Structure formats: C-alpha cells, structure tokens
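Structure first, commentary second.
The values are calculated or read from the model by the stated rules, or taken from the named source; none is laboratory data. Predicted, not measured: the structure shown is a model, and the values here were computed from it. Heads up, the Cβs are rebuilt from the backbone with ideal geometry, glycines too, and the neighbour counts pull from every protein chain shown. These area figures cover heavy atoms from the full protein model, side chains too; ligands, DNA and RNA do not enter into them. Shrake-Rupley method; radii C 1.70, N 1.55, O 1.52, S 1.80 Å.
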Amino acid sequence: LLDIHHRAHRSLRGLLDHVSGLDAGALDRELPGFGMPTVRRQLHHALAAERYWLGVLEGRLDVDQDEDRYPDAAALERLRTEVAGVTEGYLRGASEAERNTPRVMTTWGGRERTLVPAHVVLRTVTHLFQHTLQFQFSGFDV
C-alpha cells in the first residue's frame, strides 16, 4: 500500500512539474468536462480529498475550503508534499490489523460508516488517478 501511495504521488509530482510552467491564466482557465473546472482546482481537489480521508481515519473532518491558498503549481506541490507525508505517516504507524479491520468512522455530515482503512487509502489513490486522467480527455495539453 505504501508503494502504491508513493507511485501515485511520484506521478502527481511529475504532473505538477509539468504544469509549473503555466501562468495563472492557464491554470485557472475553465475546461469543459472537468470535474472541477480548472487545472488548479482539479489538483487542489484531489489533494484536499486525500487530506479529508486521512482525517477521517484519524478521527477528524478536515474540510477546509482553502484552494485560494494554493494559487500556483509551487503552492500545490507544497500541499502535495504535506498531504503525502500525512498519508505516509499513517501507513507507517498503523499496524496491519488496524489497516485491514473494518471500523465505524464519522464522515461528512456526521454520517457513520463502516470502512476498512486500507480501502480508504486506496480510494485516495484511485481518486487521484480519476482526476488526473481527466486531463487527457479535456483537451488540455499536458
């Protein structure tokens, strides 16, 4: 699971390196078919979702709408580094039993759900893949 997480973030780091040459206008240009309407917001959303789900695993609801704090690729890379570090810390610190045993967790809106922590981490990886894949189908040249 840690290897999968590292590979996903290595790919995201490469994408952030690639878009780092874009000016603010290009990063914030609305693109048809995007889940989030701009490159910057798409990348922020994927990272904020990982931060949210790791918070759920640790008993917090990290739902800050702070995308304006990340106006460019360099700022998004700082967020990526922070979020990846939190996930890695969780994976290194959680026992195999903790990662693989279903338990009740509180999600958005106070909703209680029975989730398997390892599946939650995999969800963040597939979510990241889903949103970065949209670049290929949006007409955005990356």
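Of the residues Leu47, His119, Phe129, the one whose Cα sits farthest towards the positive end of the charge dipole of the chain is His119 (charges of +1 on Lys and Arg Cβ, -1 on Asp and Glu Cβ, taken about the Cα centre). Sparse packing (at most 11 other Cβ atoms within 10 Å of the Cβ) combined with a DSSP loop state is found for none of the trypsin sites (Lys or Arg not before Pro) in region 1-72. The largest-to-smallest principal axis extents of the Cα set in region 65-133 are 38, 29, 23 Å.
What is the Cα convex hull volume of region 1-72 when expressed per residue in Å³? Could you put the intermediate results ahead of the total?
Numbers: hull volume 7.2 nm³, N = 72.
Residue-normalised Cα hull volume stands at 100 Å³.
Quick one: length gained pulling Ala74 to Asp17 fully straight, 0.36 nm per residue minus the C-alpha distance?
Details: separation 57, 0.36 × 57 = 20.52 nm, distance 0.85 nm.
Between Ala74 and Asp17, full extension yields an extra 19.7 nm.
Note that region 43-142 presents 55 Å² accessible area per residue, ligands and nucleic acids not counted, probe 1.4 Å.
Using Cβ point charges alone (K and R +1, D and E -1), the dipole size of region 1-105 about the Cα centre works out to roughly 260 debye.
Counting only protein heavy atoms and a probe of 1.4 Å, the accessible surface of region 55-135 is 51% carbon and sulfur. Phi-derived couplings, Karplus 6.51 cos²θ - 1.76 cosθ + 1.60 at θ = phi - 60°, listed residue by residue for region 101-116: 9, x, 8, 6, 10, 9, 10, 3, x, x, 6, 8, 9, 8, 10, 9 Hz, with x used for Gly and Pro.
With both labels modelled 7 Å from their Cα along Cα-to-Cβ, the Asn100 to Thr81 distance reads 3.5 nm.
Computed 3J(HN,Hα) for region 87-96, one whole-Hz value per residue from the Karplus formula 6.51 cos²θ - 1.76 cosθ + 1.60 where θ = phi - 60°, is 5, 4, x, 4, 4, 6, x, 7, 5, 4, glycine and proline marked x.
Computed over the Cα atoms, what is the radius of gyration of the chain divided by 2.2 N^0.38 Å, N being its residue count?
On the way: Rg = 15.5 Å, N = 142, 2.2 N^0.38 = 14.5 Å.
Output field value: 1.07.
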